[in-house]
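Here is the structure we will look at.
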């Protein structure tokens, strides 16, 4: 069993904690997509692992004084951000989160490769990506996901329709 870190934004951390998110997509970078003679994709090159492997979520955080634990950006209301910043210092980007501070662990249940826009054909995948009924009026509307994707991956990244790893997971205890 492999344990690999994965970066998540505050909204996606909240979606996982609220049990709304059970899937994520990540761009296939610097890897060839191979098909076996059977037509199946070769998933052995997935940098996140395969079914049964674990991911630990890296999120924006602050380490409090010794013995006082960690503060996570996803738990901090925007309106209180300045107070927390003043009291406990600067938020540290998720890339710097040590494994020991991780509070969210995920077990991969499925891995596949597809083009990003294939999500449009599968309403269940749209929901699994963290759809929030409080902020999104229509269940089938994908505009919230397109906006999120471009916020994370840059302008034009949705139109580029890259190959992506589709990682399906369940939350587990550490």
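Points to keep in mind about this one:
- Any hit, the stretch 84-93, residues being surrounded by 11 or more Cβ atoms within 10 Å (Cβ to Cβ), under 23 Å from residue 46 (Cβ atoms) and modelled with pLDDT of 90 or more: no
- Candidate set from the stretch 107-136 (those that are assigned to a loop (DSSP other than H, G, I, E, B) and in contact (Cβ under 8 Å) with a residue 12 or more places away in the chain); member that is surrounded by the most Cβ atoms within 10 Å (Cβ to Cβ): 130
- Within the stretch 36-56, being part of a strand (DSSP E or B) and at pLDDT below 90 holds for one residue alone: 41.
- In the stretch 4-35, of all residues being modelled with pLDDT of 90 or more and assigned to a loop (DSSP other than H, G, I, E, B), the one that is farthest from residue 73 (Cα to Cα) corresponds to 28.
- Per the conditions (1) outside any loop (DSSP other than H, G, I, E, B); (2) closer than 14 Å to residue 25 by Cα, the sole criterion not satisfied by residue 161 is (1).
- Checked against (1) surrounded by fewer than 16 Cβ atoms within 10 Å (Cβ to Cβ); (2) at positive phi; (3) touching a residue at least 12 places away in the same chain (Cβ under 8 Å), residue 154 meets all criteria but (3).
The values are calculated or read from the model by the stated rules, or taken from the named source; none is laboratory data. The structure presented is a predicted model; accordingly, all values stated were derived computationally and were not measured. Counting neighbours? That spans all protein chains shown, and the Cβs are built from the backbone with ideal geometry, glycine included.
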